[in-house]
1. Can you find a residue that is surrounded by 15 or more Cβ atoms within 10 Å (Cβ to Cβ), more than 23 Å from residue 111 (Cβ to Cβ), modelled with pLDDT under 90 and outside the structural domain of residue 134 (by TED's automatic domain parsing) anywhere in the range 292-307?
2. Any chance the range 2-9 includes a residue that's surrounded by 11 or more Cβ atoms within 10 Å (Cβ to Cβ) and closer than 21 Å to residue 80 by Cβ?
3. May I ask you to list pairs of residues, at least six apart or on different chains, whose Cβ atoms are under 8 Å apart, with the first in the range 180-193 being at negative phi and the second being of a type in the set (Phe, Trp, Tyr) and surrounded by 11 or more Cβ atoms within 10 Å (Cβ to Cβ)?
4. Look at residue 158 and say whether it is among the hydrophobic types (A, V, I, L, M, F, W, C) and under 17 Å from residue 211 (Cβ atoms).
5. Looking at (1) farther than 20 Å from residue 247 by Cβ; (2) at pLDDT 90 or above, which is the one condition that is false for residue 105?
6. Pairs under 6 Å by beta carbon, first residue closer than 27 Å to residue 66 by Cβ in the range 1-22, partner aromatic (Phe, Trp, Tyr) and surrounded by fewer than 16 Cβ atoms within 10 Å (Cβ to Cβ), six or more apart or different chains?
7. Every residue in the range 83-96 that is within 19 Å of residue 17 (Cα to Cα) and either outside any strand (DSSP E or B) or among the hydrophobic types (A, V, I, L, M, F, W, C) (or both), please.
8. Residues of the range 7-58 being part of a loop (DSSP other than H, G, I, E, B) and polar (S, T, N, Q), which ones?
Amino acid sequence: MIRVDVWLPDPAGALSAGAFGAGALIRIERADLDLTPPFDLGAYAEVHTIPIVATALQYQWWDPDGIATSSYRWRISDSGDTSSSPYAEPFAGTNPAGSLLPRSYATLDRVLTLFETRPNVSRQVRLAQALGTATDELIAECNGRDYFRHPASGTADWSPAPWDIDGDVLHVHDGIAALDELTIDGAAVTAYALRGSGPREALSAGDNEPPFHIELTTLGERFPADPSRIVLTGARGWPVIHDALAEAAAARARQLVYGDVSYSGSVPGPDEFNDSMGTRSAYASERWPQVFYRFREREKHRFTACLFANVAGSR
């Protein structure tokens, strides 16, 4: 199911007698990719019509047969489809999971607890959207690294990068959210230990941090230098979002919607946003929540011990 959004800047004009008249319709067409080579986009066919309302500038329809690769276009016609406008530019629909449930480090409930008076429903929707924006900002500030579980559910197979093989230690700095099996040349390996931030450091207890290293425990055993011979089955990332990131996302979402930590919207952004009168305009604060800075600083030094890790030869 894919959400299709149509913006019509002058609906009353479309309904006028000199245009398409009463009963004018928005006609939505969809085209899908062929499932066989060369995977060309198929022909467009009409899949839905929406009556135009004189006061409605935005129209939304959920396509039950739409998929991620579907392409849409629309036009306006009179009620009998005897007169028609040119087609709008083709566009992709919106994945409803991303629209209704934007990926976020924090829950909406966590943000709402920051307010003494609960915001109204429309403002809550705005806060939920801002949570997705805030999370994307935090990921960008971490150079594109996120702290979600990959895959989100279930398991997947992967092999390490060549530079992550370090003698009897395997570096998995994205984190090991789950490890069902470790194989070398197709044979299951069971004599290993999961380690913490350092290659031979014990796991941190009670803070929901994942393991970041795998150490072989059989004396003299080494990981092969060829990464394709090593296969891990499980999930990478963090099984639970760190509390500091959840707090940072919640605080940042509040800043985005209300302009500053006092909710008034009066704390400005950078000086270049001053208006023509020399006074500062209200923008979302450029000051990141302090809890995020502290988290990021800790993460910068998390793998310091790996700079001096074992460099013994691999088999």
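The values are calculated or read from the model by the stated rules, or taken from the named source; none is laboratory data. Predicted model, so just to flag it, every value in this text is computed and none were measured. Ideal geometry is used to build each Cβ from the backbone, glycine not excepted, and the neighbour counts take in all protein chains shown.
1. Checked against the condition, which is being surrounded by 15 or more Cβ atoms within 10 Å (Cβ to Cβ), more than 23 Å from residue 111 (Cβ to Cβ), modelled with pLDDT under 90 and outside the structural domain of residue 134 (by TED's automatic domain parsing), the range 292-307 yields at least one hit.
2. Initial filter on the range 2-9 (surrounded by 11 or more Cβ atoms within 10 Å (Cβ to Cβ)): 2-6, 8.
Keeping just the survivors that are closer than 21 Å to residue 80 by Cβ gives 6, 8.
Scanning the range 2-9 turns up at least one residue that is surrounded by 11 or more Cβ atoms within 10 Å (Cβ to Cβ) and closer than 21 Å to residue 80 by Cβ.
3. 182/192; 184/223
4. Working: among the hydrophobic types (A, V, I, L, M, F, W, C): yes; under 17 Å from residue 211 (Cβ atoms): yes.
Yes; evaluated as a whole, the condition is true for this residue.
5. Unmet for residue 105, out of (1) farther than 20 Å from residue 247 by Cβ; (2) at pLDDT 90 or above: (1).
6. 1/62; 3/62
7. Going residue by residue through the range 83-96, those that are within 19 Å of residue 17 (Cα to Cα) are 83-86.
Selection gives 83, 85, 86.
8. Filtering the range 7-58 down to residues part of a loop (DSSP other than H, G, I, E, B) leaves 8-10, 16-24, 32, 34-40, 42-44, 52-57.
Of everything in the range 7-58, those that are part of a loop (DSSP other than H, G, I, E, B) and polar (S, T, N, Q) turn out to be 16, 36, 55.
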